[in-house]
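To start, I am sharing the structure in question, which I have written as C-alpha cells.
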Amino acid sequence: MSAPQDFNVDYLAQLARLALTPEEKARFAAQLGDVLHHIEQLAKVDVTGVEPTAHAFPIENVWDADVPRPGLSVADALRNAPAQRENMISVPKVVE
Amino acid sequence: MVPLHFQTIAELSGRLERRELSAVELTQALIARTKAVEPRVHAFNSLDETDALAQAVASDARRAAGQSRGPLDGIPVGLKDVIAVTGQPLTASSKILQNFVSPYDATVTRNLKNAGAVLFGRLNCDEFAMGSSNENSAFGPAANPWDTTRVPGGSSGGSAAALAAGEVIASLGSDTGGSIRQPAALCGLVGLKPTYGLVSRYGLVAYASSLDQIGPFGRTTEDVALVLRAIAGHDPLDSTSFKADVPDYRAALAGPAPRRIGIPKEYFGEGLDPEIGAAVEAAVKFYRDRGCEVKEVSLPHTQYCLDAYYVIATAEASSNLARFDGVRYGHRSKAATDAIDLYAKSRAEGFGAEVKRRIILGTYVLSSGYYDAYYLRAQKVRTLIRQDFLKAFAEVDTLLTPTSPVPAFKIGEKADPLAMYLLDIYTIGVNLAGLPAASVPCGFTSGGLPIGLQLIGQPFKEADLLALAHTYEQAQEWSRRTPNL
C-alpha cells in the first residue's frame, strides 16, 4: 500500500531535520503508508465529549529552590561536545 | 547444584551473608561467564570489568565491617543502555550517542548504588528503545539464549538475554509498549512494568515520556520484588514521579493474593499462537482450581490500542529526539555546510532506520492540519482505553492475558514494520493506561521456546500483582529451567 496523497515525505523530512536519501524516502513512504492505513481505524471511534489523556495520572510541575549550587564542571560539560574551542562548544556560523 | 550464574538474588544474598561466597568471587564468576557466552548472545554494549570488581571489593568491605546494605549488596545487576551511570557510556544503542559518556547517575542507578548492587555493564537494546526484537541496535542484535538464531524480544532484549544467559543476576529495562514484558516472555523470565510514576524516569533516555517506565527483570517474582523495592519511590527530580508508598514487596509475596481474576475476551482471538493459548489456558485453570473467581471481562477498545500507541509514542518521540542535533553532544556530521545542514545530516547519519521512521510518523501526526485528526483523537481514545481497564477493575482485581502472541522468532524473520508493531498487541494497553503488569513464565513450546503469562494489576498494587504471580510460580517448574548455552 502506498502512503496517502497528503503524506509528503520531503516536507516531513525537512520539518524533522532529517536528510533522507531518495531510497529512504521511497521506502519510508511505502512502509508508513501501511501504518497510516492501520491508524485510520481511530476515525471509527466515537470520541464525542471525551477528554484527551496526556498522562495516565495527574502531574504537577516541580519547582526547584532558587539557590546557587554546584553544577557540572566546564570539563564535564564539554566532555561530550563534538567540537570545542576556548572552553566553549564550537558550532557552525549561523549569521552572515 | 545450580551453577552460580543461574542462581537467584535470594539464594546468592544468603550465601554472601553467610560468607560462603564473596562479592568479588561472584563478580569474577560472571565476568568469566560473560566472556564465555557473550560472542553468541551479544547482550552487552559495554562492560567495565575494573569498575565492577571495584564495586564488589567495596561491597565485601562493607559486609566485613558489619555494614551490609541489604539483599542487593554485592549482587551484579545489568542496566539497559538507556539508563545513565556516571562516567560510563550511555549509547541507547545508537550511532548518534556512540561516544557519549554520562556525566550523572539516573535516580534508579543511584538507588541501586545505595542498595550496594554491583552495576554490571550496559545492556544492548533496540535503538532508543524502539522495537520488539532488539534487531534495531546500531551495534548488532542480541540473541535469545534459548535459541541463538532467534530474537530475545525488545526493546530491552539485552537485559533479558543477559539474565537468561547467566551473565547478570538481575537487570533493569524500560517499558514503553511492552519492552520489559515481551522480552521476559520470550526469554523465560519474570519482567515487571511498574505503575507509571512509581519508578523515577530521571536519567532515562526518553522515547515517549508519557508511556516510558523503568522496571526489573528477575529469574523469580521474589527477585523482581527485591529490585523493585530498591528502585521505587518518589523523586523530586522527576515531575511525573508519584508520592506513593513503597511497601516491602518481598514480604507481600507470602501474604494473601487477590482472588478475582478477569480474562479479557479480546486478548484471545485471531493471531494468538495455539501453544501459547493452551499454556495460558492451563494457567487460568491453575488459578480456578485454587479457588480463584475467574470471569470473562471485556476491554472493548482493545482493537484501537495499537493505533493510539503509535500516534502518541511517535509524536512524543519526534519531540524528545529533537535534542539530538549534533551541536552540544553526540554525532556531528563532517559534511555539513551550515547550521540547518548540520542538524539534518548529523541526525541522518546518527539515527537508524526505525528511529527515522518513527520520527517521520511523529512529525506527520503533529503537523499542522493533522494534529486534531491523529494526535488529539489518539489521546481521546487513550481515555476510553483507560476507562475500559478501570471498569474491568470494578469487577475483578487482576487481569490475565498472554504476554506475546508468538514465541521468539528468527532474527531477520519480520522485515515489515507493521508486522513487528502488531507483536505488542497484548502489552500496549497497559502503558496507555499507566498500569502495572508482569510477565511470568508459563510453559514452553514443543520447540523448547519459553511462553509468558501477563498479569495486569490496579495502579500501585504491585504487591498484589507479584503475590498472585508468586502463587503460580511456586507450583511450577518453568522458572527453574535454564537454557543450554
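The values are calculated or read from the model by the stated rules, or taken from the named source; none is laboratory data. For clarity, every value in this text was computed on a predicted model and none was experimentally measured. Here the Cβ is made from the backbone with ideal geometry for all residues, glycine too, and neighbour counts use every protein chain on show. In case anyone asks, the SASA skips ligands and DNA or RNA and just uses the protein heavy atoms, side chains included. Shrake-Rupley method; radii C 1.70, N 1.55, O 1.52, S 1.80 Å.
When Cβ neighbours within 10 Å are restricted to other protein chains, what is their mean count per residue of peptide B:359-372?
Averaged over the peptide's residues, the number is 5.
Output the antiparallel fraction of DSSP beta bridges having both residues in chain B, as a percent to the nearest 5. All intermediate terms of the calculation are to be shown ahead of the outcome.
Details: 27 of 41 bridges.
Antiparallel: roughly 65 percent of the beta bridges in chain B.
Name the shape class, rounded, prolate or oblate, that the alpha-carbon gyration tensor gives for the stretch B:42-118, where a ≥ b ≥ c are the square roots of its eigenvalues, rounded holds for a/c under 1.5, and otherwise prolate holds if a/b is larger than b/c and oblate otherwise.
Cα axes put the stretch B:42-118 in the prolate bin.
For the stretch B:1-71, what is the convex hull volume of its Cα atoms per residue in Å³? Don't skip to the answer; put the middle values down first.
Details: hull volume 6.9 nm³, N = 71.
Spelled out: Cα convex hull of the stretch B:1-71, divided by residues, is 97 Å³.
Also, I was wondering about something else. List the chymotrypsin sites (Phe, Trp or Tyr not before Pro) in chain A that DSSP assigns to loop (not H, G, I, E or B) and whose Cβ has at most 15 other Cβ atoms within 10 Å. Which are they?
Taking chain A and a limit of 15 other Cβ atoms within 10 Å, the loop chymotrypsin sites (Phe, Trp or Tyr not before Pro) found are A:Trp63.
While we're looking at this one, here's another question. Along the charge dipole of chain B, which of B:Cys292, B:Ala32, B:Thr398 sits closest to the positive end, that is, farthest toward it, with unit charges on the beta carbon of Lys, Arg, Asp and Glu (+1, +1, -1, -1)?
Ranked along the dipole, the leading option is B:Ala32.
Right, something else. For the protein assembly as shown, what is the charge dipole size about the Cα centre, in debye to the nearest 20, if Lys and Arg each add +1 at the Cβ and Asp and Glu each add -1 at the Cβ?
720
Related question: Students often check this: by mean Cβ neighbours within 10 Å, which of B:384-396, B:319-331 ranks highest, and how do the rest follow?
B:319-331, B:384-396
Ordering B:Met420, A:Met88, B:Met130, B:Met1 by accessible area with a probe of 1.4 Å, largest first, what comes out? Please report the intermediate quantities before stating the final value.
Working: B:Met420 25, A:Met88 105, B:Met130 0, B:Met1 195 Å².
Heavy-atom accessible area, descending, gives B:Met1, A:Met88, B:Met420, B:Met130.
Separate question: How many Cβ atoms of partner chains, on average, are near each residue of A:30-43 if near means within 10 Å of its Cβ?
That average works out to 6.
Moving to a separate point now. Please compute the average number of Cβ atoms from other chains found within 10 Å of each residue's Cβ in peptide A:17-28.
Per-residue shielding by partner chains comes out at 5.
Which of rounded, prolate or oblate describes the protein assembly as shown when judged by the alpha-carbon gyration tensor and an a/c cut-off of 1.5?
Here the protein assembly as shown falls in the oblate category.
Moving on. Let a ≥ b ≥ c be the square roots of the eigenvalues of the Cα gyration tensor of the stretch A:42-90; is it rounded (a/c under 1.5), or, if not, prolate (a/b larger than b/c) or oblate?
The shape class here is oblate.
Another question, then. Using a 1.4 angstrom probe and counting only protein chains, how large is the accessible area of B:Glu135 in Å², to 10?
50
State the answer as a single residue: which of B:Ser46, B:Gly66, B:Phe128 lies farthest towards the positive end of the charge dipole of the stretch B:1-157, with beta carbon charges of +1 for Lys and Arg and -1 for Asp and Glu, about the Cα centre.
Value: B:Gly66.
Another question about this same structure. Filter the trypsin sites (Lys or Arg not before Pro) in the stretch B:8-63 down to the DSSP loop ones having no more than 10 other Cβ atoms within 10 Å, then list what survives.
Taking the stretch B:8-63 and a limit of 10 other Cβ atoms within 10 Å, the loop trypsin sites (Lys or Arg not before Pro) found are B:Arg18, B:Arg19.
Something else now. Could you rank the peptides B:267-274, B:455-462 by their average count of other C-beta atoms within 10 Å per residue, with the highest value first?
B:455-462, B:267-274
Let me ask another. Could you estimate the translational diffusion coefficient of chain B from the Stokes-Einstein equation, with Rh from the Kirkwood formula over C-alpha pairs, at 4 °C and 1.567 mPa s, in whole µm²/s?
For the chosen part, D equals 58 µm²/s.
Just in the stretch B:1-66: which GluC sites (Glu not before Pro) are loop by DSSP and have at most 10 other Cβ atoms within 10 Å?
Sites meeting the loop and neighbour criteria: B:Glu20.
Now for a different question. Please name which of B:Val365, B:Tyr343, B:Tyr329 has its Cα lying farthest along the dipole of the stretch B:325-383 towards the positive end, using unit charges on Cβ (Lys, Arg +1; Asp, Glu -1) and the Cα centre as origin.
With unit charges placed on the Cβ atoms, the residue in question is B:Val365.
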